Amino acid sequence: MRARATGMPSFAQPSSRTLTGIRAVAFVAALLPLLRLVALGRADALGANPVEFVTRSTGTWTLVMLCVTLSVTPLRQLLGWPWLLRLRRMFGLYAFFYAALHFTAWVWFDQWFDPASMIADVVDRPFVTVGFTAFVLMLPLAATSTRAMMRRLGRHWQELHRLVYAVAVLAVLHFWWHKAGKNDLAEPMIYAAVVAALLGFRALRQLVRRTPADASARQAPLERE
Ligand code: HEM
């Protein structure tokens, strides 16, 4: 409060220089898992099964980046930091980037670019079907992530980008199904709880917003995305 009164940047309103710094740090931090993979690969330290290592690492980071992307809106609203929204597109694109690497690892090292084998795997293994569906749903989101597409699609952009909720649910289901076969659900349970909390927060807010008492909140510019 005091900072705002004196015109000083605050956590709620960082200066544009600080924001550029935050974006740069977030960009590099989100790139670290890939740099680690590359470093381990160059050092021949990807373990006994490098394909599994790469597939698992890229899959996990896809899920993490999806959760980070989905946490932007709740954090922005709870903390009152509108600038967090400026990071959301980057996190979303990172989620797609790691998903594309995960998919490429599967196409290349698991399926050896054999279309018949790929189709059979997607059809025969339900957890792969679900992962594949999640990835396909991410394609229109990545393709329409530019400002130009945002302007072109208008309010339809927001409707389309609600697909990210389905992507997150399918991603958790994919992980859950994969691990259920190994009787090892501890990790998927954590992701399921995080995604449920992030989506539950939104559902709750929608409910509250529908009550007349909160009608004014609907008008607040910070709540619009
Ligand atoms: C949103 C998209 C996706 C997410 C978030 C995701 C996430 C994950 C995660 C977290 C794992 C397990 C890692 C572990 O065992 O610790 C995994 C495994 C796997 N995923 Fe995905 N995945 C996605 C899409 C796909 C797609 C499109 C395919 C292929 C069509 C795929 C194929 C696989 C396979 C084959 C494994 C097993 C790897 C192994 O244990 O060797 N995934 N995925």
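Values quoted throughout were computed directly from the atomic coordinates according to the rules given, and no laboratory measurement underlies them. Everything quoted here is computed from the prediction, not taken from an experiment. All Cβ positions, even for glycine, are placed from backbone atoms using ideal geometry, and neighbour counts span all protein chains on display.
Tell me, what ³J(HN,Hα) does each residue in segment 66-72 have, in order and in whole Hz, if you take phi through Karplus 6.51 cos²θ - 1.76 cosθ + 1.60 with θ = phi - 60° and put x for Gly and Pro?
5, 5, 4, 4, 6, 7, 4
Counting only residues 5 or more places away or on other chains, whose amide H sits under 5 Å from the amide H of W81 once H atoms are built in the peptide plane?
none
Springs between alpha-carbon atoms under 10 Å, Gaussian network over the chain: tell me which of V25, V194, V128 tops the mean-square fluctuations.
It is V25.
When the helices in the chain are scored as -39500 (n - 2.57) per DSSP H run of 4 or longer and the sum is shared across all residues, what 222 nm value do you end up with, to the nearest 500 deg cm²/dmol?
-25000 deg cm²/dmol
Tell me, what is the percent relative contact order of the chain, built from C-alpha pairs under 8 Å that lie six or more residues apart?
It rounds to 17 percent for the chain.
Considering the options L78, P50, P33, tell which one lies farthest towards the positive end of the dipole of segment 23-88, charges being +1 on Lys and Arg and -1 on Asp and Glu at the Cβ, about the Cα centre.
L78
Step through the residues of segment 177-194 one at a time and calculate ³J(HN,Hα) from phi using the Karplus curve (6.51 cos²θ - 1.76 cosθ + 1.60, θ = phi - 60°), rounding each to whole Hz and writing x for Gly and Pro.
Along segment 177-194, the couplings run 4, 4, 7, 4, x, 10, 6, 9, 9, 4, 5, x, 4, 5, 5, 4, 5, 5 Hz.
Find the centroid of the Cα atoms in segment 78-100 and in segment 165-208, then give the distance between the two in whole Å.
So the two Cα centres are separated by 18 Å.
Among F132, L153, I190, whose Cα sits farthest toward the positive end of the charge dipole of segment 78-225 (+1 at Cβ of Lys/Arg, -1 at Cβ of Asp/Glu, about the Cα centre)?
L153
For the chain, with only Lys/Arg (+1) and Asp/Glu (-1) charged at the beta-carbon, what is the dipole magnitude about the Cα centre, in debye rounded to 20?
With only Lys, Arg, Asp and Glu charged at Cβ, the dipole is about 1440 debye.
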